[in-house]
1. Who wins for biggest fluctuation among ASP32, ASP17, ASP74 in a Gaussian network model of the chain, springs between alpha carbons below 10 Å?
2. Express the carbon and sulfur contribution to the solvent-accessible surface of the chain as a percent, rounded to the nearest whole number, probe 1.4 angstrom.
3. On the principal axes of its Cα set, how long, how wide and how thick is the chain? Give whole Å, largest value first.
4. Of all chymotrypsin sites (Phe, Trp or Tyr not before Pro) in the range 1-46, which ones are in loop regions per DSSP and have a Cβ with at most 13 other Cβ atoms within 10 Å?
5. Which is the longest stretch in the chain that no exposed loop site breaks, taking sites as GluC sites (Glu not before Pro) with a DSSP loop state and at most 10 other Cβ atoms within 10 Å?
Amino acid sequence: MYIEGIPLSELITNREDAYTYLYSKLNGKCCDNPSGQVYEIVKGLQKGIYAGKGMPADLEQLLLENEVPDWYIDSMKKIHYIFPKAHLVTYLKRDIGNYISTKRNGEALVQKY
C-alpha cells in the first residue's frame, strides 16, 4: 500500500492507529457515541472477525458513507490479528537488540537492564 502512494499515517499498522483513523472519520458524522462505535469496529478488526466471517454490510456502508476509502475497508477484511502499539515497540526493541548483538561476533552492544 505504501508503495502505491498511500501515506504511512493512513495505513493500518496497529490497533491504536486504526482507532484514531476511524474515529477521525466517524466523529460527529455517524452516531451519538462514535467512540463506542469505533471501539467495537476495532475490536472486531483486532480479533480478525472481518477476515474470518466477513464484514457486515451495514458496517461497510457506514464506513463508506463516512469517507473511509475502499482500500482501507479491503485491508480490514484481510487482517486476522492486529497488535497493540505497545507490543510492536517491545518486539522491535528486542529484534534490534538481537540484530546488533549478533552483528558484532556475539559481542552484545545493548545492555539489558
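The values are calculated or read from the model by the stated rules, or taken from the named source; none is laboratory data. None of the values given here were measured: they were computed from a predicted structure. Positions of Cβ are generated from backbone atoms using ideal geometry, with glycine treated the same way; all protein chains shown enter the neighbour counts. Keep in mind that these areas ignore ligands, DNA and RNA; they rest on the heavy atoms of the full protein, side chains included. Shrake-Rupley method; radii C 1.70, N 1.55, O 1.52, S 1.80 Å.
1. Judging by the Gaussian network model, the answer is ASP32.
2. 53
3. In descending order, the Cα extents are 56, 31, 26 Å.
4. Of the chymotrypsin sites (Phe, Trp or Tyr not before Pro), the ones in loops of the range 1-46 whose Cβ has at most 13 other Cβ atoms within 10 Å are TYR2.
5. The segment 5-66 is the longest one with no such site.
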